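Participant: Handing you a structure now.
Values in this text are rule-based calculations from the coordinates and carry no lab data. None of these values were measured; they are calculated from a predicted model. Neighbour counts run over all protein chains shown; Cβ positions are idealised from the backbone, glycine included.
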Amino acid sequence: MSLTSVLFTGSSGLQANSEDLDVVGNNLANMSTTGYKDQTTSFKDVVYQTLNPGSGPTATLGGTNPVQTGFGVTVGATSTNFSQGGITPTGNSQDAAIQGNGFFVLSSGTGLNYSRNGAFSVNSAGFLVDPNTGDLVQRTGTVGEGTATTPGFQVPGNNNILIPIGTGIPGTATANVTLQGNIDSQTALNGTVNASIQVYDSQGTAESLDLTFTNTGSNTYTASATISGGTATVTGNPVTFDQNGLLVSPSTLAVAVTGIPGAAAQTINLNLGTPGDANGLTQTGGASTANAVSQDGAASGTLTSVSFDQSGTIQGSFTNGQTLPIAQLAIASFNNQSGLLLQGNNYFAASAASGSALVGTAGSGGLGTVQGGSLEGSNVDISTEFSQLIIAQRGFQINAQTVTVADQTLQTLAGIISQG
């Protein structure tokens, strides 16, 4: 190898270690970047000059090994480390982080990007977006699209996620009421025990349903009902208890409601409990505590906020206390995520090396779960990066010394030649 070649060899070392310093510097610069994945540099040697190819052994000689000299080093690859970053609660219900494998899917309008950064917000048009770029967060499946009888929030065939804050939903007529508690076994003949609950008619208007249980003797009661604004008729009587105070029959009573102005007729089922069990109404000694404890109707409501559950489903909270699924986040994985192209803006793009995106839902098919109200931090390890920084710096210094020594040797040789 000539001294000129030594200069180029040392120069290649300077270049390779300089690129390593670039990678380390970029990692340290992004130590606080949401969802950032650090990179590492690997080197490879380059071409060799074969001065002697070597020879095999003969009957009289043992053979010789090859004699080759190298011409430096270059960066072989930069690898992205996709290990999990720390997840930190933010208190913002529109933030999301992925615990495990997968990427959020976003559309730029001309293509798809993939990201671990779930710092989302709702734009003026009501769509869930990355506020830094305007890219639209993508959904999968039919969650929130609605049916012929249920209002939908999403447009079928469009994967952009609409968050319709302020959208109203109609009320739901009460269909079931659950009763629990005790009827005093010492209640006098023809004595009564009362219970009441607020229910909803077909228009979502609240009505007061009042129930009366009248003792007809022999552990038997007749139930009757009244409702504000209309008429309530109970069928399924009588209600009977055994000698231990447990319900015998029936498990349910039906209340036919009619006559509420503007509302449709409806039937409300009174769930009294399981016969032979104490999970509903009982008749034992002691105070009467029987009451209606729950019902399944609701008034009309307005969407006020959303949150993410672990499956990536966006749950909408309404003013009437109901929670309805709005949409489900699309989560992508790749056969070779190391083949993804870094795009900036916390984005990755698919490449021939990564293969096409495999889109599914969080918590299924090996995909991670979604942590709502949280963000994933950078996975940069400062101690590791500082160690690599020292190694790269020393590599640069040593290769600079190679260039310096080669230059000094050339100057000495030039002086000898000039003196000759």
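Participant: Top mean-square fluctuation among ASP22, ASP130, ASP38, Gaussian network model of the chain, C-alpha springs under 10 Å?
Facilitator: Maximum among the listed residues: ASP22.
Participant: Same structure again: Would you mind ranking LEU128, LEU14, LEU389, LEU189 by Cβ crowding within 10 Å, fewest neighbours first?
Facilitator: Details: LEU128 24, LEU14 19, LEU389 16, LEU189 9.
Ordered by Cβ neighbours within 10 Å, fewest first: LEU189, LEU389, LEU14, LEU128.
Participant: Please report, largest first and rounded to whole Å, the three semi-axes of the ellipsoid equivalent to region 97-205, where each semi-axis is the square root of five times an eigenvalue of the C-alpha gyration tensor.
Facilitator: 49, 18, 12
Participant: Normalised radius of gyration for region 176-295, please: alpha carbon Rg relative to 2.2 N^0.38 Å, two decimal places.
Facilitator: Taking N as the residue count of region 176-295, the ratio is 1.04.
Participant: Give me the net charge for the shell around THR313: Cβ to Cβ below 15 angstrom, other residues only, Lys and Arg +1, Asp and Glu -1.
Facilitator: Taking every Cβ under 15 Å from that of THR313, the sum is -1.
Participant: Continuing with this model, one more query. When N counts the residues of region 26-77, how does its alpha-carbon radius of gyration compare numerically with 2.2 N^0.38 Å, as a ratio?
Facilitator: Ratio of Cα Rg to 2.2 N^0.38 Å: 2.20.
Participant: Give me the percent relative contact order of the chain, please, defined on Cα pairs under 8 angstrom at least 6 residues apart.
Facilitator: That works out to 22 percent.
Participant: Now a separate question. Take every Cα-Cα pair in the chain and report what % of them are more than 43 Å apart.
Facilitator: When every Cα pair of the chain is considered, 48 percent fall beyond 43 Å.
Participant: Report the dimensions of region 21-109 along its three principal axes from the alpha-carbon atoms, largest first, rounded to Å.
Facilitator: 82, 30, 26
Participant: Express the relative contact order of region 217-297 as a whole percentage, based on alpha carbon pairs under 8 Å and six or more residues apart in sequence. Please list the in-between numbers first.
Facilitator: On the way: 146 pairs, mean separation 19.6, N = 81.
This gives 24 percent for region 217-297.
Participant: Based on DSSP H runs of at least 4 residues, each adding -39500 (n - 2.57), what is the mean residue ellipticity at 222 nm of the chain after dividing by all its residues, to the nearest 500 deg cm²/dmol?
Facilitator: The helix contribution divided over the chain gives -5500 deg cm²/dmol.
Participant: Comparing ALA173, ALA195, ALA96, which has the greatest mean-square fluctuation in the GNM of the chain with Cα pairs linked when under 10 Å apart?
Facilitator: Checking each option, the largest mean-square fluctuation is seen for ALA195.
Participant: Okay, moving on. Return the single residue from THR304, THR147, THR88 with maximal mean-square fluctuation; model: Gaussian network over the chain, springs between Cα atoms under 10 Å.
Facilitator: THR147
Participant: Using alpha carbons only, how many degrees (0 to 90, rounded to 10) separate the axis of helix 3-29 from the longest principal axis of the chain?
Facilitator: For helix 3-29, the angle is close to 20 degrees.
Participant: Report, in degrees rounded to the nearest 10, the 0 to 90 angle that the Cα long axis of helix 382-419 makes with the longest principal axis of the chain.
Facilitator: Taking the Cα atoms of the chain, the angle to 382-419 is about 10 degrees.
Participant: Among bridges DSSP assigns within region 161-301, what percent are antiparallel (round to 5)?
Facilitator: Counting DSSP beta bridges with both partners in region 161-301, the antiparallel share is about 85 percent.
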